[in-house]
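What follows is a single structure, written as structure tokens, with notes after it.
Since every read-out is calculated from the coordinates, none of them should be taken as a lab result. Computed from a predicted structure; not experimentally measured. Because the Cβ atoms are built from the backbone with ideal geometry, glycine has one as well, and the counts that use them run over all protein chains shown.
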Amino acid sequence: MEKMKNKLKLSSKYSPDNIATLATRDCIKFLRTIPEKEAQLIVSSPPYNVGKKYEKKMSLDEYTKLQTQVIAESYRILKTSGSICWIVGNYIPGECEILPLDIHLHDKFHSIGLKLRNRIVWHFEHGLHCQQRFSGRYETILWYTKSDQYTFNLDPVRIPQKYPGKKHYKGPNKGKYSGNPRGKNPGDVWSIPNVKANHIEKTIHPCQFPIALIETLILALSNKNDLVVDPFMGVGSTAVAAILNNRRVSGCDLISEYVRISRNRVKEALTGKIKFRSRDKHIYVPNSNSKLLKRDDL
């Protein structure tokens, strides 16, 4: 981090010398300014075409065409060892009906040669309360690689073993730990709180991503000083996660206010003033004075 502070350079025009390139711009035009095979990791969450204030709702065909163009440009700038992580939810074409965007978009990634390594389920506890179907409490992360020679760092994202002191009690490994003492693989289902009203990271964005979610991907799929790109940047969660872990970052958004917030958050990350929820923080630990509402009380 100290090295990055000393060469601080924020810009709206891409250069490999920039620590952060944050622009108010159309994502396809922005990606075209980045040279071929420059990025190690592209991680983003495109609008879900559900009519949020930051997106223009379009037909599913129009939406798919736009996504295909963004995916193609992302592929072009991706290193051979690089990865693309696309975080998506559901498109809602009609009342109570859903269309999972990960299923709908997979062929667009696969058809240009990207290989699906994981379909990660991001689980959270809060969201809209549905009346005619079960309330949605997850989104998916599609992790693709450009080749079979890809970067994957497991150790930085290991989580504590469920039984850390457990040992083999018989056989050739008797007395040895039965689990990796450095921690276990986090698997493909991640429980990380989403950013709601009282979350420490909350800004004006209605669908902001937690830094911890992006940080896990950055630590596992890139190395220090690598370039991380987010073509649908929002308020810069990807940018902050990249800076906190000594990566370079480039991103864009059409809404200038979001880009302004992103720049401020990146500056706070560089100076150690950013407030965020760490990856290892427990989701919730009730204290002895907590009064829990029981079904019999209703």
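Identify which of Leu270, Leu60, Leu227 has the largest mean-square fluctuation in a Gaussian network model of the chain, with springs joining Cα atoms closer than 10 Å. Sorting by GNM fluctuation, first place goes to Leu60.
Here the dipole of the stretch 60-157 is about 340 debye; that uses its Cα centre as origin and unit charges on the Cβ of Lys and Arg (positive) and Asp and Glu (negative). Only helices enter the 222 nm calculation for the chain: every DSSP H run of n ≥ 4 contributes -39,500 (n - 2.57), and dividing by all residues gives -7000 deg cm²/dmol, rounded to 500. Magnitude of the charge dipole for the stretch 2-297, about its Cα centre and with charges confined to Cβ atoms of Lys, Arg (+1) and Asp, Glu (-1), is about 1260 debye. Remark: spin-label model distance Val121-Ser12 equals 4.3 nm, labels positioned 7 Å along the Cα→Cβ axis.
Shown in residue order for the stretch 157-162 are the 3J(HN,Hα) couplings computed by the Karplus curve 6.51 cos²θ - 1.76 cosθ + 1.60 at θ = phi - 60°: 10, 4, 10, x, 5, 5 Hz (x for Gly and Pro).
Applying 1/(1 + (r/R0)^6) with R0 = 51 Å to the Cβ-Cβ distance of Gln132 and Tyr163, what FRET efficiency is obtained, to the nearest 0.05?
Efficiency for this residue pair is about 0.75.
For the chain, modelled as a GNM whose springs connect Cα atoms under 10 angstrom apart, the maximal fluctuation among Thr216, Thr271, Thr80 occurs at Thr271.
For the chain, relative contact order (Cα pairs under 8 Å, six or more residues apart, normalised by length) works out to 21 percent. Rounded, prolate or oblate: pick one for the chain, where a ≥ b ≥ c are the square roots of the eigenvalues of its C-alpha gyration tensor, a/c under 1.5 means rounded, and failing that, prolate if a/b is larger than b/c, else oblate. Rounded, because the longest to shortest axis ratio a/c is under 1.5.
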